[in-house]
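Visitor: The structure follows.
The values are calculated or read from the model by the stated rules, or taken from the named source; none is laboratory data. Small disclaimer: the values here were computed from a predicted structure and weren't measured. Neighbour counts run over all protein chains shown; Cβ positions are idealised from the backbone, glycine included.
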C-alpha cells in the first residue's frame, strides 16, 4: 500500500494517472478501479478527496459509455447540478449557481451574475416568508417557555436559596471530562434535584429579519435584477 501525501509532486503525477484511467473506465472495469483507489493507497486528509472525486467521475464516464448513455452537453450540465445538490446541498430550497470566473473576462456575460431567474426569485420570496413565520412561532414558544422558567426558577430558589451562589452545582452538566460526567451520574443516581434550564431564543438578528422582510416586500437583494420572462 502506497502512502500518499497531497503536498508532493509524486501525488500530482498519481492523480493525473487516475484521471487518465478514469477516461477509459467502463462498467466492467469500474469496480476494479474503485478498489484500486481504495485499497492500494494509504490516503491523507486531502488525497482521499481527490480519489473520491476521480471515482465519481469514472462512474459517470462508465455509465455514459453504456447502451443507455451518450448524453448531450445540456444533459451533462443537469448531471453536474444533480450531483452537487445531492452531495453537498441537500437542504437547499431556492436554487444554486456555479460561478465560472472566466466569464468575468467577457462583458457580454455579466447578465449571468447580476440577474436572478423568476423561479429563483419566487423561491426566495417564499422561503423568506416561511422563515419569518417560523421566527414568529419560535419567538412565541420562547416567550411561553421563558414565562414557565421564571415561575419554576423562583420556586426552585425558595427551596435552594444558595442557587445563585452555587449555580454551577445545581445545573446539569453540559460539557465535561469523564470524571465530571461520572460525578454527574452519581448525583442523578442519588436523587439530586437539578435546577430548571433557562430557555434560549433562536430569533434571528434584526438585520437578518429586516432582510427577509425586504425580500418578501419585493426588494431584490445585493443589486440583482430579476430576469424578464
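Visitor: State yes or no: is residue 123 buried (at least 16 other Cβ atoms within 10 Å of the Cβ) and either in contact with a strand residue (DSSP E or B) (Cβ under 8 Å, 6 or more places away or on another chain) or over 19 Å from residue 192 (Cβ atoms) (or both)?
Guide: Working: buried (at least 16 other Cβ atoms within 10 Å of the Cβ): yes; either in contact with a strand residue (DSSP E or B) (Cβ under 8 Å, 6 or more places away or on another chain) or over 19 Å from residue 192 (Cβ atoms) (or both): yes.
Answer is yes for this residue.
Visitor: Right, something else. List the number of the failed condition for residue 119; all other conditions in (1) under 30 Å from residue 95 (Cβ atoms); (2) in contact (Cβ under 8 Å) with a residue 40 or more places away in the chain hold.
Guide: (2)
Visitor: Applying the selection to the range 153-167, what residues are assigned to a helix (DSSP H, G or I) and more than 17 Å from residue 191 (Cα to Cα)?
Guide: 153, 154, 155, 157, 158, 167
Visitor: What residue, of 219, 215, is under 30 Å from residue 112 (Cα atoms), assigned to a loop (DSSP other than H, G, I, E, B) and within 28 Å of the chain's Cα centre (by Cα)?
Guide: Unique residue meeting the criteria: 219.
Visitor: Based on this model, can you work out whether residue 122 counts as modelled with pLDDT of 95 or more and over 24 Å from residue 205 (Cβ atoms)? Walk me through how you get there before you give the answer.
Guide: Details: modelled with pLDDT of 95 or more: yes; over 24 Å from residue 205 (Cβ atoms): yes.
Considered against the rule, which asks whether it is modelled with pLDDT of 95 or more and over 24 Å from residue 205 (Cβ atoms), residue 122 comes out as yes.
Visitor: Return the residues of the range 1-35 that are over 30 Å from the mean Cα position of the chain (by Cα), part of a helix (DSSP H, G or I) and surrounded by 14 or more Cβ atoms within 10 Å (Cβ to Cβ); say none if nothing qualifies.
Guide: 14, 21, listed by residue number.
Visitor: Right, here's the next one. Is there a residue being assigned to a loop (DSSP other than H, G, I, E, B) and within 29 Å of the chain's Cα centre (by Cα) anywhere in the range 37-44?
Guide: As a first pass, look at the range 37-44 and keep what is assigned to a loop (DSSP other than H, G, I, E, B): 40, 43-44.
Next cut, within 29 Å of the chain's Cα centre (by Cα) only: 43-44.
Among the residues of the range 37-44, at least one is assigned to a loop (DSSP other than H, G, I, E, B) and within 29 Å of the chain's Cα centre (by Cα), which makes the answer yes.
Visitor: Considering each of 132, 84, 48, 52 in turn, give the residue that is free of Cβ contacts under 8 Å to residues at least 24 places away in the same chain, under 30 Å from residue 213 (Cα atoms) and assigned to a helix (DSSP H, G or I).
Guide: When all the criteria are applied, what remains is 84.
Visitor: Tell me yes or no: at least one residue of the range 156-173 is surrounded by 14 or more Cβ atoms within 10 Å (Cβ to Cβ) and touching a residue at least 60 places away in the same chain (Cβ under 8 Å).
Guide: no
Visitor: Is one or more of the residues making up the range 178-187 out of contact with any helix residue (DSSP H, G or I) (no Cβ under 6 Å at 6 or more places or on another chain) and closer than 25 Å to residue 146 by Cβ?
Guide: So the first thing to find is which residues in the range 178-187 are out of contact with any helix residue (DSSP H, G or I) (no Cβ under 6 Å at 6 or more places or on another chain), and the list is 178-187.
Adding the requirement that they be closer than 25 Å to residue 146 by Cβ leaves none.
Scanning the range 178-187 turns up no residue that is out of contact with any helix residue (DSSP H, G or I) (no Cβ under 6 Å at 6 or more places or on another chain) and closer than 25 Å to residue 146 by Cβ.
Visitor: Just one of 220, 226, 208 is under 30 Å from residue 97 (Cβ atoms), without any contact (Cβ under 8 Å) to a residue 60 or more places away in the chain and touching a helix residue (DSSP H, G or I) at 6+ places or on another chain (Cβ under 9 Å); which is it?
Guide: Numbers: 220 fails: without any contact (Cβ under 8 Å) to a residue 60 or more places away in the chain; 226 fails: without any contact (Cβ under 8 Å) to a residue 60 or more places away in the chain.
Among 220, 226, 208, only 208 is under 30 Å from residue 97 (Cβ atoms), without any contact (Cβ under 8 Å) to a residue 60 or more places away in the chain and touching a helix residue (DSSP H, G or I) at 6+ places or on another chain (Cβ under 9 Å).
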